[in-house]
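Here's the structure, in structure tokens; my notes come after.
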Amino acid sequence: MTVNVSAPDMKGIRSAVVGADRAPDTSLSRITDDSICVLHSFVIRRHADNGYIVVRIGCRTLTSVATSRIGSVATRLLSNGYSIREVQDRLAATTNLHSNNATMTCLLQALLDARMIRSIDGIKVGEEKGLFWNSVVMRFRFAARAFSESAWRATYAVLPTNIAHGAATRSKLLFRPSHSRSVAETALCNIRRYLGDALDDERCRGLAKEFAKERAKSKVDREILARPNHRVLLWLFRHSVIHGLDNYREAKEQGKGVALCVLHFSSAYLLLPILWLHGLSFVGAGAAPRHDLARVIDFREQFGDVSGQCGEVSWSTKVSLSGALSIVRALRRNETALIFGDGLIARENRNFACDLGHDLMGFDPSLIPIDFFGHQLYANASAAWFSSQFDGPVLPVRLQRQGGRFHVYIERPLSRRGDMVRELYHRLERGICLDPAGWSYWDRVSDMSPVTHA
């Protein structure tokens, strides 16, 4: 089991721990400037240009903290026996931060939430004990994974992208067969449940295997685009085709803004660079191909005009109030926004107070019941919320991998006369019938059943 925990960033130390299972005692009241914290064994993995993951190992439960380079340095200093004051002074000296601004509060809170602190001034925190041999085995596994990732990064840089992609996919299927089998077995149970009335068992098994293979390909897509360069982006441009551009042009001619609503098929996150490379300009928020701690990515500024026809994209890498408002403002300026509106995975239910000076409802990413292949599920209703903020069309978009090429389908607009959310999921059902193995949620759709949310 892996637990991720989150805390806000402060003065250059960003720590994110997202999830549940908080530590029983997360109070900072016992920690003073002269306190010495003893940490459990951990490893630090680089996640992006300025992003790091601190993973606790050796205990029965893995926990992790996402932080910046400064946060990773501070964690290492704490593990070396430095007091809070000494860590602050060293950070101030090496990062040009004023000593009273090099606060450790958010990092310490995140470490406590992730149960990474073993004791404070000799007083134990929690009852978990680190197991030495577990720690040794986990260090070896992380070292082997780091070596493998470095080797594949070198491969991606040397070999042609299509050859490297195929080799990496076969490697994942060959050397991680148990993981592929686990993904396929979970998907098979859900495929039988939702499509078993129309398909025989042999076909269901075949779809489950195809889904596991597509999942491996999607992971390779993510690895290749983790640090994209001109050659990789040019390969993506040459191996992608967009269908339904007439639907998009007709929607733009209405002059009311256009929302492109992504359906999660194949490597859905590839839609960001593909649409940009083919000349579409848009704004949006959410996970981006480049996973770093930047708040907003300007694609043209970051990567240049790769294809000679690139659009203008401003992408917020964090789903937040500011990101939602930037999308709404863009739609009202007759611009295009890319939204992910079909998520079937539960998210934290938060109410955002919006003050644009209009009669604007608060953004509530809650779930509503829908009919999905004859079964009731709870689904994301954000598409309906965004559609209520402007008068323009909402066009579903999906990505399909066919014969080594990426095909993007921009569908006709959703009707505004009826229930838009239910029509969106009817379109999703149709897309699944056209590309059943490409749907991204076959291994997780059971989490959104009414029984799960009872």
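The values are calculated or read from the model by the stated rules, or taken from the named source; none is laboratory data. All figures in this text were calculated on a predicted structure; none of them were measured in a lab. Counting neighbours? That spans all protein chains shown, and the Cβs are built from the backbone with ideal geometry, glycine included.
Odds and ends about this structure:
- Test set (1) surrounded by 21 or more Cβ atoms within 10 Å (Cβ to Cβ); (2) outside the structural domain of A167 (by TED's automatic domain parsing); (3) among the charged types (D, E, K, R) - R238 fails condition number: (1)
- Scanning segment 233-261 for residues that are within 21 Å of G304 (Cα to Cα) and of a type in the set (G, A, S) gives a single hit, S240.
- For segment 135-166, residues that are touching a Lys or Arg at 6+ places or on another chain (Cβ under 8 Å) and either among the small types (G, A, S) or within 27 Å of C59 (Cα to Cα) (or both) total 2.
- L414 satisfies every condition listed in (1) surrounded by fewer than 20 Cβ atoms within 10 Å (Cβ to Cβ); (2) in a loop (DSSP other than H, G, I, E, B); (3) modelled with pLDDT of 90 or more except (1).
- In this entry, I191 is excluded by the filter for residues that are closer than 22 Å to T63 by Cα and surrounded by 15 or more Cβ atoms within 10 Å (Cβ to Cβ).
- Selection status of W235, assigned to a helix (DSSP H, G or I), within 30 Å of D391 (Cβ to Cβ) and touching a helix residue (DSSP H, G or I) at 6+ places or on another chain (Cβ under 7 Å): no
- In segment 438-454, the condition of being surrounded by 19 or more Cβ atoms within 10 Å (Cβ to Cβ), out of contact with any His (no Cβ under 9 Å at 6 or more places or on another chain) and free of Cβ contacts under 8 Å to residues at least 40 places away in the same chain is met by no residue.
- Close pairs from segment 158-187: first closer than 25 Å to R227 by Cα and assigned by TED's automatic domain parsing to the domain that holds A216, partner modelled with pLDDT under 85 and of a type in the set (S, T, N, Q), Cβ under 6 Å, at least 6 apart: A164/T155
- Evaluation of I327 against the conditions (1) modelled with pLDDT under 85; (2) of a type outside the set (G, A, S); (3) in contact with a helix residue (DSSP H, G or I) (Cβ under 9 Å, 6 or more places away or on another chain); (4) over 25 Å from V220 (Cβ atoms) shows that the sole unmet condition is (1).
- Hits in segment 387-411 (condition: assigned to a loop (DSSP other than H, G, I, E, B), of a type in the set (G, A, S) and within 25 Å of the chain's Cα centre (by Cα)): G404
- Answer residue from segment 85-142, given it is acidic (D, E) and either modelled with pLDDT under 75 or in contact with a strand residue (DSSP E or B) (Cβ under 6 Å, 6 or more places away or on another chain) (or both) and is surrounded by the most Cβ atoms within 10 Å (Cβ to Cβ) among those: D113
- In segment 192-222, residue farthest from A167 (Cα to Cα) [restricted to those that are of a type in the set (A, V, I, L, M, F, W, C) and assigned to a helix (DSSP H, G or I)]: L195
- Segment 24-79, residues that are in a strand (DSSP E or B), surrounded by fewer than 19 Cβ atoms within 10 Å (Cβ to Cβ) and at pLDDT below 85: R45, R46, L62
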